[in-house]
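Report on one structure; see the data block that follows.
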Amino acid sequence: MNALTSQYSPVRHTEILMIEDDPQDVEIVMQLLEEAHQNSILLSHCSTLNAGLATLSKANKIDLILLDLSLTDTQGLDTFRKIHDAFPTIPLIILSGNSDERIALAAMQAGAQDFLVKGQFDSTVLSRAIQYAIERQHQKLELEYKNLALKALSDQLERANRELESLAAVDGLTRVYNRRRFDEVFLAEWNRLLRDEKPLSLIMGDVDQFKAYNDTYGHRAGDACLEQIARAIAKVAKRPADCVARYGGEEFVVILPNTDLAGATYVAESIRSAVHSLQLPHTTSSVSHRVTLSFGVACQVPDDGMAPSLLIEAADRAMYAAKESGRDRIQVHHADCAINLQSRHTLQWVSRIRDALEKNQFELYAQPIQALQAPTSEPCFEILLRLCDQPGIVCSPSLFFPVAEQYDLMPRIDRWVIKHLFAELGEINALMLQEAIFFVNLSGATFKNMEIASFIAEQLARYNLKPEQFCFEVSETVALNNVEAAAKVTRALKKMGCKVALDDFGSGLSSFTHLKKIPADFVKIDGSFIKGVLDDDLSRGVVEAIHHVSKTMGLQTIAEYVESLAILDCLNDVHIDFAQGHYFGPARPLVDTLATWQTSTFTECLPA
């Protein structure tokens, strides 16, 4: 092997291996490198492919390969492949004759950095080709390294996300699924078996007299008891599709897909026996000297005409029937859930509501909210909903909302209202003389899911509407049923710029203390108290108290069901901020209401 060196050798040389069987070509390359003053390059030479492979295997560092495709021991593209496959990270430049250009181009496509035609390059071209080939290879390797690092990070994040999802779905104490995960699995299995027309069974189990157990042995022992029971249930219901979840404090539920009533009863009896085998002492139980459970079993082939919640209700009723019958036993819900728990009239309403959602047979109405003491010039309207699926008939929500709530249709209705309200306002907003505030009620079912905030944000952006134009109402009862969920959603709404109102306040006779977490702007006083302010001192006292505390908390008050001038005068005496009711105008179609407001102010339209 020959080597080209310089008397001024830097600390780090660029080492090139030239695999070439023509000594004259090797001499030419060496001379060109000398002409280019490439003193930092060490050029080694091998005359055969096998010698080159051997040298590469032994060498600590080769920065670049100059390769002739026509050697004594190999010819053509195969020459390149053998070198490149063995040492893919070393940049390679092809040295070719005129007849080899097509093969050289193929080698470039397969990974060679460059090719030079013999006799057609000078020292500058050679030096530049070497420099660029090494730089491109470094960039390629750096990019591959970064991609590998990103993939490793992505894999790590994916594993972490899976772990977080798993933690979010698992009950922290018992390590079985939690209520949230149960809801997801139950609805997924219901829909799957609806298509397959196969049975779905539920087992509801509740620890008998668990409060007495906690009082006797302490809460730590109670937690240990629940952990052992959960493990016992999970050992019995262990098919991949089975789902064991902690449904409540001491209540467990088991989902058994593709299982008929007899099979589910057998599983429930097996769980009951497994719990007996634990021999957990319960000396204060009136049932047994050991811990026992009462079980309810229900089965249903899912049907499109019934609510999934009815199966849960059937299992729950059966479980309480087991408790009433003496506890430590299994009660089977024998009747068909749909027939037993609902009427044909209810099913007709379910069908009408679903058709209305699909065919847009609902209509948006609006009712003005009149400013009394509030220093504002912005008109306010409450958005209301009517069902108009039959010619000449307008149905009030009081007729269909109870059914919609029972059959989990309220979230779909809420989204329909928001989507269509925003779409209509998106078209007419530019034509309005002044911006208005629209009050929109959200159901309790909708507040269970943070997705509603994202949906509202998307719709605002889609129709180019200002969030300040909208006030979303949450009823006092809904807020108290799940303060944390209501607070989370309302905070998200406030963050994007929307307003929040507490609706029907006073209906649950709750204190403001429970609702401090809700970042409200308005309090809508329950209409039953407004109707009684003239004749009932208690009703007037409640209205005055709610208004006083609201002002202390920086909230504005709205009185509903203002039906007469006498009631209005009374509310003015109390200094209520806003009023709403038939005295100012009934609910009318949204477009008609806004058209009326465009031509005259509501104060001018008040009855004499």
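The values are calculated or read from the model by the stated rules, or taken from the named source; none is laboratory data. Here the structure is a predicted model, which means the values were calculated and not measured. Note: ideal-geometry Cβ built from the backbone for every residue, glycine included; neighbour counts use all protein chains shown. Remember, those area values only see protein heavy atoms, side chains included, never the ligands or the DNA or RNA. Shrake-Rupley method; radii C 1.70, N 1.55, O 1.52, S 1.80 Å.
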If I filter segment 58-65 for residues that are modelled with pLDDT of 90 or more, under 28 Å from residue 142 (Cα atoms), open to solvent by less than 10 Å² (accessible area, probe 1.4 Å) and within 60 Å of the chain's Cα centre (by Cα), do I get at least one hit?
yes
For segment 484-528, give me each residue that is among the polar types (S, T, N, Q) and at pLDDT 85 or above.
490
I'm told residue 289 meets every condition in (1) modelled with pLDDT under 95; (2) under 15 Å from residue 333 (Cβ atoms) except one. Can you identify the failing condition by its number?
(2)
All but one of (1) open to solvent by 60 Å² or more (accessible area, probe 1.4 Å); (2) without any contact (Cβ under 8 Å) to a residue 12 or more places away in the chain hold for residue 223; state the number of the condition that does not hold.
(2)
Filter segment 464-499 down to the residues that are farther than 23 Å from residue 587 by Cβ, touching a residue at least 40 places away in the same chain (Cβ under 8 Å) and surrounded by fewer than 21 Cβ atoms within 10 Å (Cβ to Cβ) and list them by number.
492, 496
Cβ-Cβ distance below 6 Å, separation of 6 or more or different chains: which pairs start in segment 418-447 with a residue that is farther than 21 Å from residue 363 by Cα and end on one that is at pLDDT 90 or above and buried (at least 21 other Cβ atoms within 10 Å of the Cβ)?
447/489
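At pLDDT below 85 and either open to solvent by less than 40 Å² (accessible area, probe 1.4 Å) or over 30 Å from residue 420 (Cα atoms) (or both), is that true of residue 590? Please lay out each step first, then the result.
Working: at pLDDT below 85: no; either open to solvent by less than 40 Å² (accessible area, probe 1.4 Å) or over 30 Å from residue 420 (Cα atoms) (or both): yes.
Criteria not met by residue 590.
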I need every pair where a residue in segment 263-274 that is surrounded by fewer than 21 Cβ atoms within 10 Å (Cβ to Cβ) has its Cβ under 6 Å from the Cβ of a residue that is at pLDDT 95 or above, sequence separation at least 6 or different chains.
265/297; 270/236; 274/232; 274/236
Name the one entry in 231, 239 that is open to solvent by 20 Å² or more (accessible area, probe 1.4 Å) and not in a loop (DSSP other than H, G, I, E, B).
231
Select from segment 299-332 the residues that are modelled with pLDDT under 90 and not in a helix (DSSP H, G or I) and write down the one among them that is surrounded by the fewest Cβ atoms within 10 Å (Cβ to Cβ).
304
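Would you say residue 605 is at pLDDT below 85 and either under 24 Å from residue 377 (Cβ atoms) or among the β-branched types (Val, Ile, Thr) (or both)? Quick ask: steps written out before the conclusion?
Details: at pLDDT below 85: yes; either under 24 Å from residue 377 (Cβ atoms) or among the β-branched types (Val, Ile, Thr) (or both): yes.
When the stated conditions are applied, residue 605 passes them.
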Any chance segment 78-90 includes a residue that's open to solvent by 80 Å² or more (accessible area, probe 1.4 Å), under 20 Å from residue 134 (Cα atoms) and of a type in the set (Gly, Ala, Ser)?
no
Checking residue 51 against (1) over 15 Å from residue 19 (Cα atoms); (2) open to solvent by less than 70 Å² (accessible area, probe 1.4 Å), the condition it does not meet
(1)
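When you check residue 478 against the structure, is it touching a helix residue (DSSP H, G or I) at 6+ places or on another chain (Cβ under 8 Å), over 14 Å from residue 439 (Cα atoms), modelled with pLDDT of 90 or more and not polar (S, T, N, Q), yes or no? Give the steps one after another, and end with the answer.
On the way: touching a helix residue (DSSP H, G or I) at 6+ places or on another chain (Cβ under 8 Å): yes; over 14 Å from residue 439 (Cα atoms): yes; modelled with pLDDT of 90 or more: no; not polar (S, T, N, Q): yes.
Criteria not met by residue 478.
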Matching residues in segment 567-583 - criterion: being within 42 Å of the chain's Cα centre (by Cα) and assigned to a loop (DSSP other than H, G, I, E, B)
576, 577, 581, 582
If you take just the strands (runs of 3 or more DSSP E) that sit entirely in segment 462-566, which of them hold at least 1 residues that are hydroxyl-bearing (Ser, Thr, Tyr)?
470-475, 556-559
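Does residue 102 satisfy the criteria of being at pLDDT below 85 and more than 53 Å from the chain's Cα centre (by Cα)?
Details: at pLDDT below 85: yes; more than 53 Å from the chain's Cα centre (by Cα): yes.
Answer is yes for this residue.
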